[in-house]
Amino acid sequence: MAVGADLSARRLVNAYKQGVFPWYNAGEPILWWSPDPRMVLRPEEVRVTKSMRKTLRDDNWEITYNTRFLEVMLHCKRIPREGQNGTWITNEMVAAYVKLHELGYAESVEVWQEGELVGGLYGINLKENKIFCGESMFSRVSNASKVALITLARKLEKEGYDLIDCQVYNPHLERMGAREMPREDFLKALKTTT
């Protein structure tokens, strides 16, 4: 969609409100994306399998919100990902999103077991639009990122949110209930305020 500019808080917030997000590798210019179609998850449609319901109930998870934003981001940055060499979460992006967190736009979900941070996710909360823009998630033990997403979806559903923006197609997210939406429909959803 665009190349260049900076990652200032104002630019990032304006970009997300227009359905645009940065995605680039270290050493490259900043690239701005608005995919068509857009992968989205309606909070009330998150799929929770029977085995996952048992995992949620029995595995002694503790969930917190916004208590370890930087740690969540750094875990997302460092976790090895199948089919990827390195990460798109540059040091510049970490600094920019920490600033957004300080301003109340970027939020995290932390998943704990026995006092250890084992999973989580972070993203941009467009509260006035009732859309949470997911950026990345990580898991250090089996199912921890699913626990984060399911817990977030249930929380957002209670708060009347319409969508979790998952950005681009991912088979893992599709299995959890996410689906593709035409960009035009996604942009209309962004313009709808309650």
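The figures follow:
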{"quantity": "For Thr90, distant residues with modelled amide H under 5 Å away", "calculated": "none"}
{"quantity": "Among Leu74, Leu149, Pro22 the positive-end extreme of the charge dipole of the chain (Cβ point charges)", "calculated": "Leu149"}
{"quantity": "Charge-dipole axis of the chain as Lys and Arg at +1 and Asp and Glu at -1 on Cβ define it, positive-most pick from Pro182, Pro35, Val111", "calculated": "Pro182"}
{"quantity": "At 1.002 mPa s and 20 °C, Stokes D of the stretch 36-191 from Kirkwood alpha-carbon radius, µm² per second", "calculated": "135 µm²/s"}
{"quantity": "Separation of the Glu128 and Lys188 label points, Cα + 7 Å toward Cβ, nm", "calculated": "2.2 nm"}
{"quantity": "Across Lys54/Lys158; Lys50/Lys130; Lys54/Lys188; Lys99/Lys191, pairs whose alpha-carbon gap is larger than 32 Å", "calculated": "Lys54/Lys188"}
{"quantity": "Helix runs (DSSP H) in the chain reaching 18 Å along axis by Cα, Kyte-Doolittle at least -1.0", "calculated": "144-158"}
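Values in this text are rule-based calculations from the coordinates and carry no lab data. For clarity, every value in this text was computed on a predicted model and none was experimentally measured. With ideal geometry, Cβ positions are generated from the backbone for all residues, glycine too; neighbour counts draw on all protein chains shown.
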